[in-house]
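The values are calculated or read from the model by the stated rules, or taken from the named source; none is laboratory data. Note that the structure is a prediction, hence the values are computed from the model and not measured. We place every Cβ from the backbone using ideal geometry, glycine too, and count neighbours over all the protein chains shown.
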Amino acid sequence: MKFFGENISCVRGERLVFRGLNFAVEPGGALVLTGNNGSGKTSLLRVMAGLNRATVGKIAWSDGPISDDPEKHHGRLHFIGHLDAQKPVLSVGENLEMWARLHGGTDEKIAMAIKKLKLDGFEDLPGRYLSAGQRRRLSLARLVASEAPLWILDEPTIALDEGSVAAVRALISEHRDAGGMAVIATNVELGLSDTTKLDMRDYAAGQDDIWEGVS
């Protein structure tokens, strides 16, 4: 089922961040967002995830706009943002289990997530003792712990070493091979094949543009 957007414009504060943006992601596809800091990559991802609303335009699945059924939309995606959302007093295993149970995960998938993100042996370690790279891997483990057709990833390789970046690349490739979709904001070359690039600078508004209505 296709995920797409038409004529998307976004305002942050009173400034027009980007305008007239279109995108489409088919099953097995990957859309890679590039652009300098402040170009609107994170803003677009949050709009795609239904966390913020587009000022103008439509974001939809093949069966209708996400605004028609936000809960259904949220059930179709995993969103990994800049912040590594976790409870520092809970262990690695407890953090992952708590999240997975809320999203239909199973013990088997949790165990697979721990293995694929190289968190073996850290299951009982409280989150407050994790390094930056371990925290990032724990966040990314959520992608494996339960299923969703659409992954929306904001700079997924932050704080990761070369081996962990390779593991993330493999996860994304496996997800796509199974018919999943990925939207990834990154300025790091991930080495993914057959991606569609979207340079946010192509849709940038002027630095002094304020919201006065966009046609």
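Some values worked out for this structure:
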read-out	value
Scan of the range 167-209 for residues that are exposed (fewer than 14 other Cβ atoms within 10 Å of the Cβ) and basic (Lys, Arg), ordered by number	LYS197, ARG201
Any hit, the range 41-57, residues being over 19 Å from the mean Cα position of the chain (by Cα) and hydrophobic (A, V, I, L, M, F, W, C)	yes
Flag if SER9 is farther than 11 Å from MET200 by Cβ, of a type in the set (Ser, Thr, Tyr) and in a strand (DSSP E or B)	yes
Residue in the range 136-147 that is at pLDDT 95 or above, surrounded by fewer than 19 Cβ atoms within 10 Å (Cβ to Cβ) and either among the charged types (D, E, K, R) or under 22 Å from GLY28 (Cα atoms) (or both) present	no
Selection count where residues are more than 18 Å from VAL89 (Cβ to Cβ) and either crowded, with 20+ Cβ neighbours inside 10 Å or in contact with a Lys or Arg (Cβ under 7 Å, 6 or more places away or on another chain) (or both), scope the range 117-135	2
Residue match in the range 21-38 (condition: closer than 11 Å to LEU198 by Cβ, assigned by TED's automatic domain parsing to the domain that holds SER173 and assigned to a loop (DSSP other than H, G, I, E, B))	yes
Within the range 188-215, tally of residues that are assigned to a loop (DSSP other than H, G, I, E, B), over 16 Å from the mean Cα position of the chain (by Cα) and either modelled with pLDDT under 55 or not hydrophobic (A, V, I, L, M, F, W, C) (or both)	13
Neighbours by Cβ (under 6 Å, 6+ apart or cross-chain): first from the range 53-68, part of a strand (DSSP E or B); second of a type in the set (D, E, K, R) and surrounded by fewer than 18 Cβ atoms within 10 Å (Cβ to Cβ)	GLY57/GLU6; LYS58/GLU6; PRO65/LYS58
Single match in ILE172, ILE158, ILE184 (criterion: assigned by TED's automatic domain parsing to the domain that holds LEU31, modelled with pLDDT of 95 or more, in contact with a helix residue (DSSP H, G or I) (Cβ under 8 Å, 6 or more places away or on another chain) and under 26 Å from LEU31 (Cβ atoms))	ILE184
Enumeration of residues in the range 2-37 that are surrounded by 14 or more Cβ atoms within 10 Å (Cβ to Cβ) and without any contact (Cβ under 8 Å) to a residue 40 or more places away in the chain	ARG12
Qualifying residue in the range 79-93 (condition: over 24 Å from GLN134 (Cβ atoms), modelled with pLDDT of 95 or more, of a type outside the set (D, E, K, R) and crowded, with 18+ Cβ neighbours inside 10 Å)	no
So SER164, is it among the hydroxyl-bearing types (Ser, Thr, Tyr) and surrounded by fewer than 16 Cβ atoms within 10 Å (Cβ to Cβ)	no
Any hit, the range 95-118, residues being free of Cβ contacts under 8 Å to residues at least 60 places away in the same chain, in a loop (DSSP other than H, G, I, E, B) and in the same structural domain as HIS175 (by TED's automatic domain parsing)	no
Cross-chain or 6+ apart pairs with Cβ under 9 Å, the range 121-133 first and outside the structural domain of LEU96 (by TED's automatic domain parsing), then at pLDDT 95 or above and loosely packed, with under 11 Cβ neighbours inside 10 Å	none
